[in-house]
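A.B. asks: Dumping the structure here so I can ask a few things about it.
The values are calculated or read from the model by the stated rules, or taken from the named source; none is laboratory data. None of these values were measured; they are calculated from a predicted model. For neighbour counting, all protein chains shown are included, and Cβ atoms are generated from backbone atoms with ideal geometry for every residue, glycine included.
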RNA sequence: GCGGAUAUGGUGGAAUUGGCAGACACGCUGGAUUUAGGUUCCAGUGGGAAACCGUGCAGGUUCGAGUCCUGUUAUCCGCACCA
């Protein structure tokens, strides 16, 4: 029987019956939690990217199983989210129905991969038995002051009357559906205080076995910077401003307190909460027009340095905390409310953006730092001087260097209560409210009498109602579901309203790795004892696009649950691997519009899943990905056929594999290739470098074929090596290898047969070829005994007949001998 | 704009982390087998007639650089409401 999809089915059924993937609690000491990022159940079928992630992670897991680890590799579905809702709006098919259909079809396709997945642990985030605990998690954060509400802008399409995701806004700022201009609207929304954990999230990165680039991305995303918060007074129409009975001040964050005397104006973000209280009557028209204009811009556009600076004067003045000088307060879109305090002190002489802004609007530019090499009369002219230097025109601080001045100025400010040293993070709190239907309802009730009231935990889940009008018409879908939205206050029993929003789906994915361990628990999100035994996840595999957000949120929630006493570890994912992206045959990202998508199904049908998996293993550097190639896949199909016909020739029932007593040179060479392959396949698969693992398997097959053709070949040795070959092949072609293993006469699965060990002594060659270089140029290659010492190699080389010719009359200055590699003779 | 990465034959990709660049394949060329095509098998295959030259480009460090440093170009990815 030649390898085909029938073989796949046969073994999938057997593995299922024999519970090959089951996790044995008794062997927990050897547990290995292998997790792939769970998938979004879209209407489309399993694509090449899913296979690339799941099949090859499974190959890793299978190798580890053969090495004696007890594998826990669960599967689930990240089932809430925007696409299902958009699909529903377009087709009228309810998200729950389309999602359930997708899950069922994806589950079937996932099984065709033939992975050792623990299906008992399956979960889908859209089921009430999952999102109930999502709500519980929200309440824990709420109770511990880690969830709060504040205003934040959303994208609003005035024509579709709906909130848009950033993804739904075209690059020109229009709605993807109706192409009308999108505006920003401020809504009160829930946030998680991830910034409370900024320092720890940063510090713990060091100890993680994660790719350096991911650590860098997270480090920059958290963005720690040391500086000072400085308070400026405010005057509007010549008087101080009071808000809720308190005198208003403007706090700015700066890393350059040394430039404080150079402040010639302040800039506040156009969408800043305080701005409305600071606009004078005469300026109100221009400022409001400007705010309106800014609402149409994206953050990326606003931060572009190449854009011409724009802004308007608010009419109010800021009061300098040291000099008491009045400087103008402007508003401009290059300042963003979410960053820092949303207000910046502008020092045009020493900051490029401020310089440009001041030049555009003829605001004063005051030099307060000079280069060390210049004298005190030096002035900034054509561009800002942004480096550290010596202070000038800075009162008693003049003459200090920048570093000393930063300390001195902040000390002086702190004495008058106008400033303090501050560590600022770029990281912002996590906005979790979504004005959408297909998500976890936020378990909060608003009562006119009692205010914001959390839903009592014994009343969870707050179920997502099925019959809802999710077509956009200006209101949140849940806000229109009268039966849902109107409720009773849990405290006073009076009429109250539920929060109409749902939670960001990143909340679901921030703790699912713990639920897998205890997915049927209806008393708690999970049993801490179980999770503490099974977690953290030993190895987590998924796309690099999650480097910043998902992975940071999951780390944050892990630390919160730890601090609340539910977990006894600090980090959710010990080791992390990112797979690359498989591109279309044309080298572009696969997309329907380009027509370059590759569907796995026909290939599985024609070649079988193992050929598909082997090709994915061999054709790409795993973490890089690359363009799809049908030729590459056919090459693998040939490799499988070669194995098959070789095995058919060699496997006979009359022979048992064994090592001969005496080894001929050919025997030794075959044995050497075998052990070299064992060593390299193991090492490369351990670091997810499957392409070279498969290359070594090809070499071993080549060696086997060459050996077996020789008249002196010993069939029992051929079989012995073939036996190891099948084991090494098994993780990468599980069904096919299992079939061959059975043909070899084994009753038990190859995955229970143990992983081959390499014999270091078998790797040794008698002689090795080394290169001879003179001043780095290769002149010859010679064979020397592998065990030769540096001195011996030197002697061999200097006694060669060509030696004097190579020297060309020059003197040897230095010998560099790299054993088993080369000799470099430095002459002059 | 900010942040992250990548660049090696005609192609996918290797290179024990500073030590013989191009492993393993694809493709191509020639040959054998075959009624033909396909399959299979054998040989060759970075460029160059050669000296030599070759890892995006320009410098540098080193006995020695694909690998380290500086600069530069090009391409790709992420940027907080896609997941």
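A.B. asks: Any idea which of A:624, A:650, A:644 is at pLDDT below 90, within 15 Å of RNA strand B (Cβ to nearest atom) and surrounded by fewer than 21 Cβ atoms within 10 Å (Cβ to Cβ)? Quick ask: steps written out before the conclusion?
C.D. replies: Values: A:624 fails: at pLDDT below 90; A:644 fails: at pLDDT below 90.
A:650 is the lone residue from the list that is at pLDDT below 90, within 15 Å of RNA strand B (Cβ to nearest atom) and surrounded by fewer than 21 Cβ atoms within 10 Å (Cβ to Cβ).
A.B. asks: Within region A:298-312, identify whether any single residue is under 42 Å from the mean Cα position of the chain (by Cα), modelled with pLDDT of 90 or more and more than 26 Å from residue A:166 (Cα to Cα), and answer yes or no.
C.D. replies: Among the residues of region A:298-312, at least one is under 42 Å from the mean Cα position of the chain (by Cα), modelled with pLDDT of 90 or more and more than 26 Å from residue A:166 (Cα to Cα), which makes the answer yes.
A.B. asks: Here's another thing I want to ask about it. Quickly run through region A:165-183 and pick out the residues that are surrounded by 12 or more Cβ atoms within 10 Å (Cβ to Cβ) and within 11 Å of RNA strand B (Cβ to nearest atom).
C.D. replies: Of everything in region A:165-183, those that are surrounded by 12 or more Cβ atoms within 10 Å (Cβ to Cβ) and within 11 Å of RNA strand B (Cβ to nearest atom) turn out to be A:165, A:168, A:169, A:176, A:182.
A.B. asks: Let me ask something else about it. Exactly one condition in (1) within 15 Å of RNA strand B (Cβ to nearest atom); (2) more than 12 Å from residue A:721 (Cα to Cα); (3) surrounded by 12 or more Cβ atoms within 10 Å (Cβ to Cβ) is not met by residue A:663; state its number.
C.D. replies: Here residue A:663 clears every test but (1).
A.B. asks: Then there is this: If residue A:214 satisfies every condition in (1) in a helix (DSSP H, G or I); (2) under 12 Å from residue A:427 (Cα atoms); (3) within 12 Å of RNA strand B (Cβ to nearest atom) but one, which is the exception?
C.D. replies: Condition (2) is where residue A:214 drops out.
A.B. asks: Write out, first by first residue and then by second, each pair whose Cβ atoms fall under 6 Å of each other, whose residues are 6+ apart or on separate chains, and whose first residue, in region A:544-556, is farther than 21 Å from residue A:141 by Cβ while the second is near RNA strand B (Cβ under 7 Å from one of its atoms).
C.D. replies: Note: pairs meeting the criteria are A:547/A:217.
A.B. asks: Of everything in region A:425-454, what is away from RNA strand B (no atom under 16 Å from the Cβ) and within 33 Å of the chain's Cα centre (by Cα)? Give them in sequence order. Working first, answer last.
C.D. replies: First pass over region A:425-454, keeping only residues away from RNA strand B (no atom under 16 Å from the Cβ): A:443, A:445-454.
A:443, A:454 - these are the residues of region A:425-454 that are away from RNA strand B (no atom under 16 Å from the Cβ) and within 33 Å of the chain's Cα centre (by Cα).
A.B. asks: Sticking with this one: Please enumerate the residues belonging to region A:89-109 that are buried (at least 22 other Cβ atoms within 10 Å of the Cβ) and over 30 Å from residue A:566 (Cβ atoms).
C.D. replies: Within region A:89-109, A:95, A:102 qualify.
A.B. asks: Read through the list (1) closer than 22 Å to residue A:265 by Cβ; (2) modelled with pLDDT of 90 or more; (3) loosely packed, with under 14 Cβ neighbours inside 10 Å, then give the number of the only condition that residue A:381 fails.
C.D. replies: For residue A:381, the exception is condition (2).
Conditions (1) within 19 Å of residue A:690 (Cβ to Cβ); (2) buried (at least 16 other Cβ atoms within 10 Å of the Cβ), marked per residue:
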site	(1), (2)
A:19	no, no
A:24	no, no
A:33	no, yes
A:38	no, yes
A:63	yes, yes
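A.B. asks: Quick check on my filter: what residues within region A:430-453 are surrounded by fewer than 19 Cβ atoms within 10 Å (Cβ to Cβ) and assigned to a strand (DSSP E or B)?
C.D. replies: Correct list: A:431, A:446, A:451, A:452, A:453.
A.B. asks: Got a sec? Which of A:574, A:558, A:606 is away from RNA strand B (no atom under 16 Å from the Cβ), surrounded by fewer than 21 Cβ atoms within 10 Å (Cβ to Cβ) and not in a loop (DSSP other than H, G, I, E, B)? Spell out the reasoning first.
C.D. replies: Values: A:558 fails: surrounded by fewer than 21 Cβ atoms within 10 Å (Cβ to Cβ); A:606 fails: away from RNA strand B (no atom under 16 Å from the Cβ).
It is A:574.
A.B. asks: Another question about this same structure. Kindly establish whether residue A:344 is assigned to a loop (DSSP other than H, G, I, E, B), surrounded by 22 or more Cβ atoms within 10 Å (Cβ to Cβ), in contact (Cβ under 8 Å) with a residue 60 or more places away in the chain and in contact with a strand residue (DSSP E or B) (Cβ under 9 Å, 6 or more places away or on another chain).
C.D. replies: Here the answer is no, as residue A:344 does not meet what is asked.
A.B. asks: Within the group A:336, A:369, which residue is more than 30 Å from residue A:291 (Cα to Cα) and in contact (Cβ under 8 Å) with a residue 12 or more places away in the chain?
C.D. replies: Result: A:369 is the single residue among A:336, A:369 that is more than 30 Å from residue A:291 (Cα to Cα) and in contact (Cβ under 8 Å) with a residue 12 or more places away in the chain.
A.B. asks: Name the residues in region A:499-535 that are assigned to a loop (DSSP other than H, G, I, E, B), more than 16 Å from RNA strand B (Cβ to nearest atom) and buried (at least 22 other Cβ atoms within 10 Å of the Cβ), would you?
C.D. replies: Those that are assigned to a loop (DSSP other than H, G, I, E, B), more than 16 Å from RNA strand B (Cβ to nearest atom) and buried (at least 22 other Cβ atoms within 10 Å of the Cβ): A:526, A:535.
A.B. asks: Now for a separate question. Which one of the conditions (1) outside any helix (DSSP H, G or I); (2) in contact (Cβ under 8 Å) with a residue 40 or more places away in the chain does residue A:358 fail to meet, given that it meets all the rest?
C.D. replies: Result: residue A:358 fails condition (1) only.
A.B. asks: Which residue, of A:229, A:280, is over 24 Å from residue A:355 (Cβ atoms) and either buried (at least 23 other Cβ atoms within 10 Å of the Cβ) or in contact (Cβ under 8 Å) with a residue 40 or more places away in the chain (or both)?
C.D. replies: A:280
A.B. asks: Also, quick follow-up: Please specify each residue of region A:321-333 satisfying the condition of being surrounded by fewer than 20 Cβ atoms within 10 Å (Cβ to Cβ) and either within 16 Å of RNA strand B (Cβ to nearest atom) or part of a loop (DSSP other than H, G, I, E, B) (or both).
C.D. replies: If the condition is that a residue be surrounded by fewer than 20 Cβ atoms within 10 Å (Cβ to Cβ) and either within 16 Å of RNA strand B (Cβ to nearest atom) or part of a loop (DSSP other than H, G, I, E, B) (or both), then A:322, A:323, A:324, A:325 are the ones that fit.
A.B. asks: OK, next. Can you tell me which of A:224, A:193, A:256 is over 30 Å from residue A:474 (Cα atoms), in contact (Cβ under 8 Å) with a residue 40 or more places away in the chain and surrounded by fewer than 19 Cβ atoms within 10 Å (Cβ to Cβ)?
C.D. replies: Details: A:193 fails: over 30 Å from residue A:474 (Cα atoms); A:256 fails: surrounded by fewer than 19 Cβ atoms within 10 Å (Cβ to Cβ).
Of A:224, A:193, A:256, the one residue that is over 30 Å from residue A:474 (Cα atoms), in contact (Cβ under 8 Å) with a residue 40 or more places away in the chain and surrounded by fewer than 19 Cβ atoms within 10 Å (Cβ to Cβ) is A:224.
A.B. asks: Of (1) more than 16 Å from RNA strand B (Cβ to nearest atom); (2) in contact (Cβ under 8 Å) with a residue 40 or more places away in the chain; (3) surrounded by fewer than 15 Cβ atoms within 10 Å (Cβ to Cβ), residue A:311 satisfies all except one. Which?
C.D. replies: (3)
A.B. asks: Another one. Right, residue A:113: within 30 Å of residue A:54 (Cα to Cα) and surrounded by fewer than 20 Cβ atoms within 10 Å (Cβ to Cβ) or not?
C.D. replies: No.
A.B. asks: Continuing with the same structure: Which one of A:795, A:724 is in a helix (DSSP H, G or I), in contact (Cβ under 8 Å) with a residue 24 or more places away in the chain and either away from RNA strand B (no atom under 14 Å from the Cβ) or under 27 Å from residue A:679 (Cα atoms) (or both)?
C.D. replies: Details: A:795 fails: in contact (Cβ under 8 Å) with a residue 24 or more places away in the chain.
Unique residue meeting the criteria: A:724.
A.B. asks: Of the residues A:587, A:565, which single one is assigned to a loop (DSSP other than H, G, I, E, B) and more than 8 Å from RNA strand B (Cβ to nearest atom)?
C.D. replies: So the residue among A:587, A:565 that is assigned to a loop (DSSP other than H, G, I, E, B) and more than 8 Å from RNA strand B (Cβ to nearest atom) is A:565.
A.B. asks: Which of the residues belonging to region A:401-424 are assigned to a loop (DSSP other than H, G, I, E, B) and either surrounded by 15 or more Cβ atoms within 10 Å (Cβ to Cβ) or within 35 Å of the chain's Cα centre (by Cα) (or both)? Walk me through it before giving the result.
C.D. replies: Here is the first cut: in region A:401-424, the ones assigned to a loop (DSSP other than H, G, I, E, B) are A:416-418.
Hit for region A:401-424 is A:418, nothing else.
A.B. asks: Here's another thing I want to ask about it. Hey, could you check region A:754-780 for residues that are under 43 Å from the mean Cα position of the chain (by Cα) and crowded, with 16+ Cβ neighbours inside 10 Å and say which is nearest to RNA strand B (Cβ to nearest atom)?
C.D. replies: A:758
A.B. asks: Limited to region A:256-282, what total is found for residues that are part of a helix (DSSP H, G or I) and touching a strand residue (DSSP E or B) at 6+ places or on another chain (Cβ under 9 Å)? Steps first, answer last, please.
C.D. replies: In the first step, residues of region A:256-282 are kept if they are part of a helix (DSSP H, G or I); the result is A:257-262, A:275-278, A:281-282.
Add one more test, that the residue is touching a strand residue (DSSP E or B) at 6+ places or on another chain (Cβ under 9 Å), and what stays is A:257-262, A:275, A:277-278, A:281-282.
Total meeting the criteria: 11.
A.B. asks: Please specify each residue of region A:283-298 satisfying the condition of being assigned to a helix (DSSP H, G or I) and surrounded by 13 or more Cβ atoms within 10 Å (Cβ to Cβ).
C.D. replies: Going through region A:283-298, the residues assigned to a helix (DSSP H, G or I) turn out to be A:283-294.
Answer for region A:283-298, where residues must be assigned to a helix (DSSP H, G or I) and surrounded by 13 or more Cβ atoms within 10 Å (Cβ to Cβ): A:283, A:284, A:286, A:287, A:288, A:290, A:291, A:293, A:294.
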